[in-house]
Structures are given as structure tokens and as C-alpha cells.
Amino acid sequence: MNLTINDQLYVIEKKDENRKLLWFLRDDLGLIGTRFGCGAGICGACTVLIDGQPTRSCITTLGPEIDGKKIRTVEDLEKNGVLHPVQQAFIDEQAPQCGWCMSGQMMAAVALLDKSPKPTKNQIEKAMTQNYCRCGCYARLRRAVKKAAALSPQQDT
């Protein structure tokens, strides 16, 4: 099985197809920005993008359903020392408090802005309520997504 993760091709052995994507990312590849939260696909801390869609990596296996897919993690947002507009907006709006959910929140925001570069308030609300924030920073998260949309007319993905 082949996976492209942050623009790098990986060959996964068939014996690993029941293994969770989260643990492959963290333990094998050292991509520890993807967080472990609930382990049940509910909280969203482990959100990555698979072919542009926000996906819970804690419940996604390395099985045939993701063979050939393109996976993007939070580590892929910064390019050559330049923060992605979502990262910059999260800093500017002081969205993080404890940081537990932030990588998943950022990936959800990137997916939204890739699909809708100028999202409405309702689109932001719908996209961002799919991930939990233990600290209750939802207003700051919404402001950050709105600011990220304003930082660049066309998202740099």
C-alpha cells in the first residue's frame, strides 16, 4: 500500500493494515503534531486531511480504503519558515490556550478554507464545531478562521 504524507511517498506493509493512522504518523514518522485525544473519533484532536477531507486519524486504519491517498498533517502547513495563514491567524487571535486541540482545529480550518476561501459565519460555525476544545476557546477559533480567510485571497495549501 502507498500513502503520500506531506508530499512524501511511503510504502506500508500489508501486516500493518489494521494499525491506526495516528500511531503510524506519531510513532513511525515522528509527526507528533497530530494529537491523541479520545481515541474514539469524537474530539477531533487527531484530525488530518485525507484527500482534503478532515479525517479522524485515531479511528482510520492503514487499510486498503486509504491506499493511494494524499494525507496532510499540521507539520505540512509551514513552508520554508513561513506560517500558513491559518497558523498566523491562530497566533494573532490567541486562539490556543492549552494547545490540546489546536492541530486538529487548524486542519479543520485549512479544509474549510481550501473548499470555501471566503466562508460565511455559518460555514465557519459548522466546520469548527466538529472538533472539541477543552478550554472553550470557540469564539477565538471562529475569529481566527475569519482572519485566516482575510490574510490571503487565495489559500496557500
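Placing +1 at every Lys and Arg Cβ and -1 at every Asp and Glu Cβ, with all other atoms neutral, what dipole size does the chain have around its Cα centre, in debye to the nearest 20? Intermediate values should be presented prior to the final figure.
Values: 21 positive and 17 negative charges, 138 e Å.
The dipole magnitude comes to about 660 debye.
What's the lysine pair count for the chain at a Cα cut-off below 26 Å, pairs eight or more apart or interchain?
27
At ASN122 and TRP23, where each label point lies 7 Å from the Cα along Cα→Cβ, what is the point-to-point distance in nanometres?
If labels sit at ASN122 and TRP23, their model points lie 4.2 nm apart.
Measure nothing fancy, just the Cα-based angle from helix 102-115's long axis to the longest principal axis of the chain, in degrees from 0 to 90, nearest 10.
Computed tilt is about 80 degrees.
Using a cut-off of 12 Å between beta-carbons, work out the net charge of the residues near ILE71 (Lys and Arg +1, Asp and Glu -1, ILE71 not included).
Working: positive: LYS69, LYS70, ARG72; negative: ASP7, ASP51, ASP67, GLU75, ASP76.
Residues close to ILE71 contribute a combined charge of -2.
Treat every Asp and Glu Cβ in region 72-157 as -1 and every Lys and Arg Cβ as +1, leave all other atoms uncharged, and give the resulting dipole magnitude about the Cα centre to the nearest 20 debye.
Values: 12 positive and 8 negative charges, 81 e Å.
In debye, rounded to 20, region 72-157 gives about 400.
Against the longest principal axis of the chain, how steep is helix 138-151, in degrees 0 to 90 to the nearest 10, with axes from Cα atoms?
90 degrees
Every number in this text was worked out from the coordinates using simple rules, so none of it is lab data. What you see is a predicted model, and the numbers here were worked out from it, not measured in a lab. Reconstructed Cβ throughout: ideal geometry from the backbone, glycine too, with neighbour counts over all protein chains shown.
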